[in-house]
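Since every read-out is calculated from the coordinates, none of them should be taken as a lab result. Keep in mind that what you see is a predicted model, and the values were worked out from it rather than measured. Note: ideal-geometry Cβ built from the backbone for every residue, glycine included; neighbour counts use all protein chains shown.
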2 protein chains.
Amino acid sequence: MVDVPRYWYNIVADLPVPLPPLLDPLEDEDSRIALLVKILPSRLIDEEYTLSRLIPIPERVREAYRKAGRPTPLIRAEGLEKAIGVHGRARIYYKYEGVLPTGSHKLNTAVPQVYYALLDGAEEVATETGAGQWGLAVSMAAAMLGLKATVFMTRSSYEKKKPRRIAMQALGATVHPSPSTVTEAGRRALRERPDHPGSLGLAITEAIEYVLENPRRRYVAGSVLESVVTHQTVIGQELLQQLPEEPDYMIACVGGGSNMAGFTYPALGMRLRGEGFDKTQFIAAESTAAPRLSKGTYRYDGLDTGLVLPLARMYSLGKDYVPPPIHAAGLRYHGAAPSLSLLRKLGLVEAAAYSQEEVFEAARIFARAEAILPAPESTHAIKAAIDVARRAEPGSVIVFNLSGHGLMDIDAYEKISSRIVDGQVPEPANARR
Amino acid sequence: MVDVPRYWYNIVADLPVPLPPLLDPLEDEDSRIALLVKILPSRLIDEEYTLSRLIPIPERVREAYRKAGRPTPLIRAEGLEKAIGVHGRARIYYKYEGVLPTGSHKLNTAVPQVYYALLDGAEEVATETGAGQWGLAVSMAAAMLGLKATVFMTRSSYEKKKPRRIAMQALGATVHPSPSTVTEAGRRALRERPDHPGSLGLAITEAIEYVLENPRRRYVAGSVLESVVTHQTVIGQELLQQLPEEPDYMIACVGGGSNMAGFTYPALGMRLRGEGFDKTQFIAAESTAAPRLSKGTYRYDGLDTGLVLPLARMYSLGKDYVPPPIHAAGLRYHGAAPSLSLLRKLGLVEAAAYSQEEVFEAARIFARAEAILPAPESTHAIKAAIDVARRAEPGSVIVFNLSGHGLMDIDAYEKISSRIVDGQVPEPANARR
């Protein structure tokens, strides 16, 4: 029987070249790195810089993982194989993170970060959120471990993404629409523009200002940092115990990169150490709305629009890039985790970008075939898996990560269902191929 | 390690007096029982009348249960114990059915019923739904097993409960607002009243008319029938493997009764056979909006308003009883399963009714303490468990069933969160006690 792993895996220990470090902007006096050290839980900072290959998962975190439903299942997608006509020719599996009570993988790092804040003697954690997955995960982790949570939620999401906002509040979190009146940065933005819709950059600035006000508060981070990415490897560590055969393709969607990294790094590490997975292709599925791994450039760039955080060497579309609005809000980030970017640069990870139209078609096929409504972000991995399965050699094995369910993204599905009313179900566009 | 049980448990085999059978209305020519036999999957009819104690769970159903996340966890509620001040004095556990992908226990019977329809050579299942939990479970089971699903959803819910309706459609189900233009009964209702809001009784009538039109369709039933109740005992059968100690109290909420029955019957059966649980109190938590076990009378009454279905001997508030609207729509039924009603009559099951106000207060305490947002229906069991824990003897053990999560009932939580905005969290009303 698969158990919750004892260790996270830190790929930095196995990279063939050193990981370019986070940097402060060269021309500026204030150190963003010193700021990070000040606001993040101290054990997270230790993990951010460690070169150890295996990082012990604290027993209290393992317990919380178990309570939350880990290990998550690895499921053979026979329904999908049949629906797309590859049954008997390709085998498709997916790891399903949607069983977690927040409905996505974000809880995997929210729990240890909140626990580390507790170890620092903090009473409260604060963070920013866009669509709300990260804010909900932090709210739940805080409720599990008995800390207060304060979430700065971009105002447009605060108004439009009501289900997650209300869920956060019902779990006891304080949720401020950002810009808020709680911080100087928020008040300034509101003075300049009273109907300011908010931005993730501004919400980050507000959360950090709020944390700096009180030494018993800690900031928690949703993605991109190596330590955060490492927490997500609980997914891939479980997967190594579950895989019935070595896959030809491993696929996950990429926002900040923690989902893709968490899913693939334990296997990628074996590849880097010459212990297996040498024929596996690792594919990052992203959105054409923010195709940084497909079309971005590899360079030092700001982690956030406001340059409150340090610079990172990564594939980026530019910190000021404004992606078009898409339902998969989690995939709109301009950059990607430094380690994932480096692996892409080294040719160990491939990238493919998909439009909203084509991923929702894939979502519809998947929902009917597998009886799970996927999160808009996860649909990109499904689309990539379907494409690969259709063109793959006979006997190929494809494993993808289904990072979350879409039951709280019903507004996205409404667009589809408006075409599916009262029995007039259109044929899938691909059905005739 | 707990595995998915091999058998459902049929309490009819152990009842100390015979179960009063379903009856046709005495004064009427048409047999409702003959109708049931015609529209339900034939294996369900077999199970409805069997006297066998153990009913084998078909291997295909066990597989689907596993894929859906069974066995579901039994969780020690230490957070809740601390929050209500009974930690060290009472031990509280809950079985959590919300991990199922539909978010509630309803899938436990949807899967076997759809499978039995498949065994009959049917191509489609049809049913009615109010708030949508049952319709969503049927839609998902049909997607899992490759049948079509048609759901008649009361028009007021169709418009107000959008998340579940859209989820059903995304899973491939056809959802008609009832009254619909698809059946004669629906058309008649619309002629009489074009803005008819629908009723569960009318939706049942429509679903049955729709099934009768085509021999390759089967009707599937959400609760009350003994066979349906028996499917839910998968919960209690798992629980017997999981319980670390014999509880003093076992608590579940009651709508039609399948949730309470499924949770308690395997233990109640041991009590009836003199094999244990002789000091356990079994408590049915219901709503003051429909307190049939607390205030109803035990008699033969219609299962549905329209008398399309047979009569059953049960506790009832009268088939024409119209409960006030509450968020826990699943608890608004006027009656309760015949076996559960008989056990109540025999004094083996107790009942307690709670108002919407007090259960939401309990929900708020639970959400913050256990990091799970409960379904409005399940909050009644939480409230009962909290009350019992506060007044129980030191050392008492309380186990309740958390039948679902509330992530798709966010509209209900909005009422609470309107009192919890931007940091102004009111103290729980009970905090000062």
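Place a label point 7 angstrom from the Cα of A:LEU119 along the Cα-to-Cβ direction, then list the residues of the range A:219-250 whose backbone nitrogen is under 18 Å away.
In the range A:219-250, the label zone of A:LEU119 (backbone N under 18 Å from the point 7 Å along Cα→Cβ) covers A:219-222, A:225-234.
Cα axis of helix B:107-119 to longest principal axis of chain B: angle in degrees, 0 to 90, nearest 10?
Between the helix axis and the principal axis of chain B, the angle is about 30 degrees.
Take the alpha-carbon centre of the range A:31-105, take the same for the range A:135-178, and report the distance between them in whole Å.
21 Å
How long are the semi-axes of the equivalent ellipsoid of chain A, defined as square roots of 5 times the Cα gyration tensor eigenvalues? Whole Å, largest first. The partial results should precede the final answer.
Working: eigenvalues 211, 127, 86 Å².
Largest first, chain A gives 32, 25, 21 Å.
Stokes-Einstein at 4 °C, 1.567 mPa s, Kirkwood radius from Cα pairs: D for the protein assembly as shown in µm² s⁻¹?
Values: Rh = 27.8 Å.
Translational diffusion coefficient: 47 µm²/s.
Relative contact order for chain B: what is it in percent, counting Cα pairs under 8 Å that are at least 6 residues apart? Provide the component values of the computation, followed by the final result.
Working: 896 pairs, mean separation 83.6, N = 433.
It comes to 19 percent, rounded to a whole number.
Classify the range B:282-370 from the C-alpha gyration tensor, please: rounded if a/c falls under 1.5, else prolate or oblate depending on whether a/b exceeds b/c.
Working: a/c = 2.69, a/b = 1.59, b/c = 1.69.
Here the range B:282-370 falls in the oblate category.
So who's got an amide H within less than 5 Å of the one on B:GLN281, skipping anything under 5 residues away but keeping other chains? H placed 1.01 Å off N, in plane.
Counting only residues 5 or more places away or on other chains, the set is B:TYR249, B:MET250.
Taking +1 at the Cβ of each Lys and Arg and -1 at the Cβ of each Asp and Glu, which of B:VAL12, B:ALA141, B:HIS196 sits farthest along the dipole of chain B towards its positive end, judged by Cα position relative to the Cα centre?
Among B:VAL12, B:ALA141, B:HIS196, the one farthest towards the positive end of the dipole of chain B is B:ALA141.
For chain B, set up a GNM with springs between Cα atoms under 10 Å and report which of B:LEU346, B:LEU26, B:LEU107 has the largest fluctuation.
Looking only at B:LEU346, B:LEU26, B:LEU107, the largest GNM fluctuation is found for B:LEU26.
Which order, highest average first, do B:289-300, A:367-378 follow once you tally other Cβ atoms within 10 Å for each residue and take the mean per peptide? Intermediate results must be reported in sequence, preceding the final value.
On the way: B:289-300: 19.2, A:367-378: 26.8.
Packing order, densest peptide first, comes out as A:367-378, B:289-300.
Residue farthest toward the positive end of the dipole of chain B, with Cβ of Lys/Arg at +1 and Asp/Glu at -1: which of B:LEU225, B:PRO179, B:GLY103?
Of the candidates, B:GLY103 comes out farthest on the positive side.
Tally Lys/Arg at +1 and Asp/Glu at -1 over every other residue whose Cβ is under 15 Å from the Cβ of B:ASP28; what's the total?
My count for the surroundings of B:ASP28 gives -4.
Taking a threshold of 28 Å on the Cα-Cα distance, which of the pairs A:LYS67/A:LYS383; A:LYS161/B:LYS67; A:LYS383/B:LYS148; A:LYS106/B:LYS160; A:LYS148/A:LYS319 fall above it? Spell out each step's value before the answer.
On the way: A:LYS67/A:LYS383 31 Å; A:LYS161/B:LYS67 30 Å; A:LYS383/B:LYS148 24 Å; A:LYS106/B:LYS160 30 Å; A:LYS148/A:LYS319 31 Å.
In this structure, A:LYS67/A:LYS383; A:LYS161/B:LYS67; A:LYS106/B:LYS160; A:LYS148/A:LYS319 lie more than 28 Å apart at Cα.
Take the Cβ-Cβ distance between A:VAL17 and A:TYR300 as r, set R0 to 22 Å, and report the resulting FRET efficiency rounded to the nearest 0.05. If you can, show how the numbers build up before the last one.
Working: r = 16 Å, r/R0 = 0.72.
The value I calculate is 0.90.
Summing Lys, Arg as +1 and Asp, Glu as -1, what charge do residues with Cβ under 10 Å from the Cβ of A:ALA90 carry, A:ALA90 excluded? Show your work: numbers first, answer last.
Numbers: positive: A:ARG89, A:ARG91, A:ARG390, A:ARG391; negative: A:GLU81, A:ASP248, A:GLU393.
Result for the neighbourhood of A:ALA90: +1.
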